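What follows is calculated from the coordinates using simple rules that are stated; it is not laboratory data. Source: prediction; values computed, not measured. As a convention, Cβ positions derive from the backbone with ideal geometry for all residues, glycine included, and neighbour counts pool all protein chains shown.
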Amino acid sequence: MRTFVTATAGLALALAAAGSAQTSADQGKPALRAAGTVDDAAGNFLQDKKLRQSEQKEKLRAAGLNFGEVRSLVARFKPKGKGGLAGLSAQKQGDLADTFLDEVALELATLGFRPGDLKDQAQAAALFSAASDKLVLAADYADYKLLSKAVVRGKVTGYRLPPKGSAGGAVMQVEVLQAYKGEIASGTAIEVVMRSGQDAAGGQLKYSDEAIPAPGAEVVLVLSQVAPSLRGGSRLRLAADPSAYTKLLEPFAVEGGVARASSPGIGDLKLSDL
Amino acid sequence: MMKSRIIGLFVASSALLAAPGAALAGQPPMPNKWDTYTREITIDQNLPYMCDNPFIAARDTINQLDPNFQIGSHWGPFSSGGESTLSYQPKGYGGSVTLATTLKSYTGPGYFWESYGSLIDADIEVNADLIYWPATTDTMRSYDLHCDASVQGAMTQWNADYQSTLLHELGHFSGMEHRTDTASGACVMHQQQARGTLRRAFCNDEKATFQTTY
């Protein structure tokens, strides 16, 4: 029976294990790291998060978008992230709140919402709430629909992969059967950017949370149109076609009159409720 | 209206979990497998300290399934290639978001939408935005991943168990796919993890699939 080393014993082991040392199941029990504080963990999180945010802000700036104005509009609504964390310094609490505000603004700006879209108070409040809920997986279908450019039912016709010998994301090809939001006419062929794809050696790379329906499957898609230069979320280079859509949710599988969800926190829906 | 329907779904899912260990049909054959039977995962040093023990518990659950397949681990800086990693990746900015995901690289026959072949690399990414730090008044709407304690508690119906999430991802890491049955239940490899539920052990058909493969 396995037992875990204590945090105290783990300190010595972790120090000994620093650098290239490894523990394996064959070699016995793993070393725990030295126990750190909540404040330390939050500091690591903030460091990573701010780096990611600064990269996205730079992308927005390079694309000529005024992120500062979007942020100031979002700030008026004081979106609330994590609050009242025990063991966390006031400084870190404040940093987390600021970081969450940035996150909501970055989400909206990346999705294509501009300061002009946020002037209407009621519309802006609904969008801020939806973006905030999306980030903490509390958004429902109505939130995603609000944030989306289009919601369609369609048939998967195939996939387009990068040329042989090059690494990159795949593109799902879909024939639209019906639009529930947006101006896409039925019969239109659209392309949807995938995070999964192939490596340079021709191997397949797949994200386990990405649904990849087989050709012929009928799906419901909640789509956005994020500029290619702003796309992220994959280790692969993603398709650069500006007309290609991105998924706000993983495809729903259509079974009879029901759209079966495959994204966390989203329930199945009747097609008539879309 | 919509939100209350979703909450209802989670409550129903929790009720189904009252019979732990029940085997449900739907675990497909493992389409991917490692040709070498020991794997080492580098755990990103930036993961919160309180997340270490749940990882070890999940890893040991895999290692107890079959002596022929063992996962070892050590802590180190995040590396984006060449070795398997468990890292801490903020998600968002336009696309879909999730609790955690496993990026698998493999070679083999089959179309893009199929999955057969030998694994070359597998990396687990945890959504850093959803880590729940010890707190008493965190927002109740959150789907946060509990690292430091069981999800059973005041926020039972609102939070996700980190150990259960990692066991699911380690199932993918080992070669498993999602279950094909849509009903939620006691098994680990369902596509969705209902909030407030523990899935810290594989059910019988998942164990059998694993043991047949390795």
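Of A:Lys149/B:Lys207; A:Lys50/A:Lys164; A:Lys119/B:Lys91; A:Lys181/B:Lys33; A:Lys134/B:Lys104; A:Lys155/A:Lys206, which ones are farther than 32 Å apart at the Cα?
A:Lys149/B:Lys207; A:Lys50/A:Lys164; A:Lys181/B:Lys33
Could you go through the range B:36-45 in sequence order and give the Karplus-derived ³J(HN,Hα) for each residue, using 6.51 cos²θ - 1.76 cosθ + 1.60 with θ = phi - 60°, rounded to whole Hz, and x for Gly and Pro?
9, 9, 10, 9, 10, 10, 8, 9, 3, 5
Over the range A:160-247, what is the mean sequence separation of C-alpha contacts under 8 Å (at least six apart), divided by residue count, expressed as relative contact order in percent?
Contact order relative to length: 32 percent.
Which order do the peptides B:63-70, A:172-179 take when ranked by the mean count of other beta-carbon atoms within 10 Å per residue, highest first?
Listed from highest to lowest mean packing, they are A:172-179, B:63-70.
Near the amide H of A:Lys181, under 5 Å away, which other amide H atoms are found, from residues 5 or more places off or on another chain, if H is placed in the peptide plane?
A:Val151
Cβ under 10 Å from A:Pro162's Cβ, A:Pro162 left aside: what net charge do those residues give with Lys, Arg +1 and Asp, Glu -1?
Numbers: positive: A:Arg160, A:Lys164, A:Arg237; negative: A:Asp199.
Counting the neighbours of A:Pro162, the net charge comes to +2.
By its C-alpha gyration tensor, with a ≥ b ≥ c as the square roots of the eigenvalues, how is the range A:158-251 shaped: rounded for a/c under 1.5, else prolate for a/b larger than b/c, else oblate?
Prolate, since a/c reaches 1.5 and a/b exceeds b/c.
Taking beta carbons within 10 Å but only from partner chains, what does the mean come to for residues A:123-133? Working shown, then result.
Details: counts 0, 0, 0, 0, 0, 0, 0, 0, 1, 2, 4.
Mean inter-chain Cβ contacts per residue within 10 Å come to 1.
In the range B:33-117, what is the volume of the convex hull around the alpha carbon atoms, normalised per residue and reported in Å³?
Values: hull volume 11.7 nm³, N = 85.
Convex hull of Cα atoms, per residue: 137 Å³.
Can you compute 3J(HN,Hα) from phi for each residue in the range A:162-176, using the Karplus curve 6.51 cos²θ - 1.76 cosθ + 1.60 with θ = phi - 60°, rounded to whole Hz and x for Gly and Pro?
Those phi angles translate into x, x, 3, x, 10, 8, x, x, 8, 10, 8, 9, 9, 9, 6 Hz.
Averaged over A:152-160, how many beta carbons belonging to a partner chain fall within 10 Å of each residue's beta carbon?
Mean number of neighbouring Cβ atoms from other chains: 1.
Tell me the net charge near B:Ala128. Cut-off is 10 Å between Cβ atoms, B:Ala128 excluded, with +1 for each Lys or Arg and -1 for each Asp or Glu.
Counting the neighbours of B:Ala128, the net charge comes to -1.
Across the residues of B:159-172, average count of Cβ atoms on other protein chains within 10 Å?
The shielding value for this peptide is 1.
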